[in-house]
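J.: There's a structure below that I have some questions on.
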Amino acid sequence: MNRKKNWYDYLWIVSLTYLVLGFFNILFAWLGLLCFFIPLIISITKGNKAYCNRYCGRGQLFALAGGRFGLSRKKDIPGWMKSGWFRYGFLIFFFIMFFLMLWNTWLVFAGTKNLRTAVTLLWTFKVPWHWAYHGAFFSDGVAQFAFGFYSIMLTSTVLGFVTMLLFKPRSWCVYCPMGTMTQLICKAKHVTWSQK
């Protein structure tokens with residue numbers, strides 16, 4: 001029996017739209033901050049992972065592509081990718097890359113570095129993306145943040161698609177940095193509640 005669809009079952013459209021908009025105008029990349037703050041707010045206020053389990057459009061996109069469209073091999077993800085050392089290590093690595101992106105943004109804001117109209121894929125490959133920037137009323141630093149943040153979002157999407165192809169559709173969710181972080185917040189909240 002098919003489950004009745006809810007509005008949040010279509011949030012994969014939002015994730016796909018975000019990637020498309022960033023292709024045409026990089027400043028739309030700022031909208032991706034919602035994918036950072038909403039999971040944190042839900043886990044801090046509710047003490048659960050409702051965002052990951054219900055509202056994550058990216059997870060839905062992988063489930064759709066890997067499940068309904070059959071692009072996934074549907075194999076179990078290797079044990080080492082589920083391990084704490086890998087998940088927490090990837091979270092630390094992710095934050096290092098995130099703070100390096102913020103540092104480069106600050107240098108552009110400060111005028112000591114020029115705007116680079118490129119997207120860095122997999123934190124290594126500089127992909128020209130100049131067509132997506134048409135100038136703005138804002139400083140170059142605003143655009144630099146957009147290029148950097150879109151790089152992070154695109155990289156994590158590529159990693160998610162690769163693991164979707166190789167393993168189960170939502171394998172990315174196992175080691176997603178936001179999922180790991182919200183899980184840590186939920187554990188901390190449950191410890192706090194149990195001590196009251």
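J.: For S83, S151, which order do you get if you count the other beta carbons within 10 Å of each Cβ and list the fewest first? Display every interim value, and only then the final one.
T.: On the way: S83 13, S151 24.
By the 10 Å Cβ count, ascending, the order reads S83, S151.
J.: May I ask you to derive the relative contact order of region 7-195, considering only C-alpha pairs under 8 Å and at least 6 residues apart, and to give it as an integer percent?
T.: Answer for region 7-195 is 34 percent.
J.: Want the number for K126 to V191: 0.36 nm per residue separation, take away the alpha-carbon distance, what's left?
T.: 19.1 nm
J.: Rank these for me by crowding, R58, R68, R73, R116, going from fewest to most other beta carbons within 10 Å.
T.: R68, R73, R116, R58
J.: Next up: Please report I38, I26 as a ranked list, fewest other C-beta atoms within 10 angstrom at the top and most at the bottom.
T.: Taking fewest neighbouring Cβ atoms as first place, the list is I38, I26.
Every read-out reported here was derived from the displayed coordinates using simple, explicitly stated rules and does not represent laboratory data. Remember, predicted model here, so these are calculated numbers, not experimental data. So basically every Cβ, Gly included, is an ideal-geometry build from the backbone, and we count neighbours across all protein chains shown.
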